[in-house]
Amino acid sequence: MAATNKVFAVARKDIKEAFSSKSTYIYVIFLLAFMLPYYGILKDIFGSLSKRGASMADLLLPGQTLSNIAFYTFPLVLAMLICSIFSAYSIIMDKTKRTLESLLATSVSLRQIWLGKTLAVAVPSIVLSLLLSILALVACNLIIVVPAIGRFIVPDSLSLAIGLVIIPVMTFLIVLVVNFFQLTMTNPRIANLIFPGIFIGIFISTVISLGKSYDFAPTYLKITLIVIGILIAVNLLLSRFLTKDRVILSSKG
Amino acid sequence: MGSAISLEGVSKTLGNRKILRDVSFTVEPGDIFGYLGPNGAGKTTTIRILLGLLSSTSGNASILGHNVGIDEQRSRVGFVLETDGLFDNMTAYQNIEYYAGIYEISHNKERIDRVLKLVDLWDRARDKVATYSKGMRQRLALARAMAHDPEVLILDEPTSGFDPSGQIQVREIILDMAHKEGKTIFLSSHNLDEVQRICNRIALINKGETKLSGELDKLQKERSRGEVIVETAEPVVESVLAELSNLPGVSIQNRQDRTLTLSTSKNTEVAIIINFLSQRGVMMNQVKRKEASLEEMYTAILREGD
């Protein structure tokens, strides 16, 4: 219990610091722009189908497909972008301002710090990315779907499970890896590039898959589960190399 | 009761560089221990080892009888590092509150108020640290070090870069911590005058090796060059001076009005000189053996190292 409290104390400070900055809010609002491709594709499909006099059932299928794809892909895309922001208020800032050494000299273990810093980045990123994804889903339903077919389209259970469970777990594990490198690298900003790197890869593939309107949830689930397995193994391996010597000697001064 | 801090043959190698070589010293409970050495001598590395930030390549380091590598034991240790480690965007209160959370201090509000009052920052507790002067930051760092009521305080150059009034203020806080709060203080410093004033035990390190360690008083006596100062009521007559210089192991080094500086061998007792002069009717105001100053010891040892 005591160990958990220390982890949360580390995480709470970084989260508070990130939310006390205006730039965090501006960035989150800016992220809503990444929902536009989804909105555009949905509008185009519904518009062209309506012109051709499609029935409600004809509109329901592409709507459902898009809704599913969006819900299991966008949270990860957004989470990666949000992680890069929250990460700047965590280890990067601690190393730049040389406050990490003081934290390491307390009774908190290095693994507790690693976990706390990971929670500080992963938890708000996951929560915000899910909120933004749900917000976008509701907005698209209200603006496009409901006027066309008269009801809401909710993602199917598999998509919901991937979006609400699998993606958060994967995000947490990715942050854990990035934080290991941030703790042990002289320039932690380089490790932070992993987030936009993953973002670009997933964003492009997401937009492509949205354009094709092909629901690949089972394949996506398999891939994400394999990735999660790999990330767990990588983190277990990395944890063996995490020492205070490495962290201190990689810090300036 | 065991030592508060103990280093036994601690060495640290980084790459091909030997930063510390067989460093040993002990700090007893209640000591104000001065850790001296020039830049690059290995002081910060020693402190990092004591705080579990770096592991030693060989040897044993312990605080309050426990290996320094045990994380939980550091709840009994407070510290001020070279960089204060304070968060600029947070208030003084929030800074201490954060560490109080880390150390899981119960009734932390009372404790935070108490340490802020101790360093005279209570009235500025709600101000952001970014608005603080260097002296205020250092006092806040001291308050943070005290927040969890540790038994041992490790302070790395706590007055470096301060003006004299700032130095005095921090020095008074350190003395209060030691004498009123009963803490053991490990103080790394460049300021020899400060160490001489407040420390009872020292260690001197140069090029990663302990050159000297022990109680300051004893070391000063041991290292004295055998000078005895005699202050007399009237100037001493020539005949007495001639006789005095014939005493075995005594020679007159300097003579200034009513003050005589005698050079004596280490085994010449001051009592012999007092007896000799009083038998010849010389009235003495004061006779004292001149102890080596810390500065003299420091420069002599560094010269030996070169």
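Every condition in (1) modelled with pLDDT of 90 or more; (2) closer than 15 Å to residue B:80 by Cα holds for residue B:173 except the one numbered (1).
Candidates are the residues of the range B:68-83 that are assigned to a loop (DSSP other than H, G, I, E, B) and surrounded by 21 or more Cβ atoms within 10 Å (Cβ to Cβ); the one that is farthest from the chain's Cα centre (by Cα) is B:68. Identification of helices (runs of 4 or more DSSP H) wholly contained in the range A:1-101 with 3 or more residues that are more than 14 Å from chain B (Cβ to nearest Cβ) and of a type in the set (Val, Ile, Thr) yields A:22-31, A:56-88.
If you check A:134, A:126 for being surrounded by fewer than 20 Cβ atoms within 10 Å (Cβ to Cβ), more than 25 Å from residue B:86 (Cα to Cα), under 18 Å from the mean Cα position of the chain (by Cα) and free of Cβ contacts under 8 Å to residues at least 60 places away in the same chain, only one passes: A:134.
Among the residues making up the range B:218-248, a single one is under 15 Å from residue B:265 (Cβ atoms), among the hydroxyl-bearing types (Ser, Thr, Tyr) and surrounded by 13 or more Cβ atoms within 10 Å (Cβ to Cβ): B:224. Just so you know, in the range A:216-253 the residues that are within 30 Å of residue A:70 (Cβ to Cβ) and polar (S, T, N, Q) include one that is farthest from the other protein chains (Cβ to nearest Cβ), and it is A:219. Evaluate the following for residue B:129: is it surrounded by 18 or more Cβ atoms within 10 Å (Cβ to Cβ), hydrophobic (A, V, I, L, M, F, W, C) and either at pLDDT below 90 or in contact with a strand residue (DSSP E or B) (Cβ under 6 Å, 6 or more places away or on another chain) (or both)? Answer is no for this residue. Looking at the range B:277-295, is at least one residue within 30 Å of residue B:187 (Cα to Cα), in contact with a Gly (Cβ under 9 Å, 6 or more places away or on another chain), part of a helix (DSSP H, G or I) and touching a residue at least 24 places away in the same chain (Cβ under 8 Å)? Within the range B:277-295, one or more residues are within 30 Å of residue B:187 (Cα to Cα), in contact with a Gly (Cβ under 9 Å, 6 or more places away or on another chain), part of a helix (DSSP H, G or I) and touching a residue at least 24 places away in the same chain (Cβ under 8 Å). Taking the numbered list (1) assigned to a helix (DSSP H, G or I); (2) farther than 27 Å from residue A:246 by Cβ in turn, residue A:121 passes all entries but (2).
Annotation for the range B:50-67: at least one member residue is surrounded by fewer than 16 Cβ atoms within 10 Å (Cβ to Cβ), touching a Lys or Arg at 6+ places or on another chain (Cβ under 7 Å), within 14 Å of chain A (Cβ to nearest Cβ) and at negative phi. Restricting B:159, B:184 to residues that are surrounded by 20 or more Cβ atoms within 10 Å (Cβ to Cβ), of a type in the set (S, T, N, Q) and at pLDDT 90 or above narrows the list to B:184.
The rows are residues; the columns are (1) within 30 Å of residue A:58 (Cα to Cα); (2) free of Cβ contacts under 8 Å to residues at least 12 places away in the same chain; (3) of a type in the set (Ser, Thr, Tyr).
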{"site": "A:146", "(1), (2), (3)": "yes, yes, no"}
{"site": "A:151", "(1), (2), (3)": "yes, yes, no"}
{"site": "A:162", "(1), (2), (3)": "yes, no, no"}
{"site": "A:169", "(1), (2), (3)": "no, no, no"}
{"site": "A:180", "(1), (2), (3)": "no, no, no"}
{"site": "A:183", "(1), (2), (3)": "no, no, no"}
{"site": "A:218", "(1), (2), (3)": "yes, no, no"}
{"site": "A:222", "(1), (2), (3)": "yes, yes, no"}
{"site": "A:228", "(1), (2), (3)": "no, no, no"}
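Quick grid of which residues meet (1) at pLDDT 95 or above; (2) of a type in the set (Asp, Glu); (3) surrounded by 20 or more Cβ atoms within 10 Å (Cβ to Cβ); (4) in a helix (DSSP H, G or I):
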{"site": "A:159", "(1), (2), (3), (4)": "no, no, yes, yes"}
{"site": "A:180", "(1), (2), (3), (4)": "yes, no, yes, yes"}
{"site": "A:186", "(1), (2), (3), (4)": "no, no, no, no"}
{"site": "A:223", "(1), (2), (3), (4)": "no, no, no, yes"}
{"site": "A:236", "(1), (2), (3), (4)": "yes, no, no, yes"}
{"site": "A:249", "(1), (2), (3), (4)": "no, no, no, yes"}
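The values are calculated or read from the model by the stated rules, or taken from the named source; none is laboratory data. Since the model is a prediction, treat every value here as computed from it, not as a measurement. Note that each Cβ is placed from the backbone with ideal geometry, even for glycine, and that neighbours are counted across all protein chains shown.
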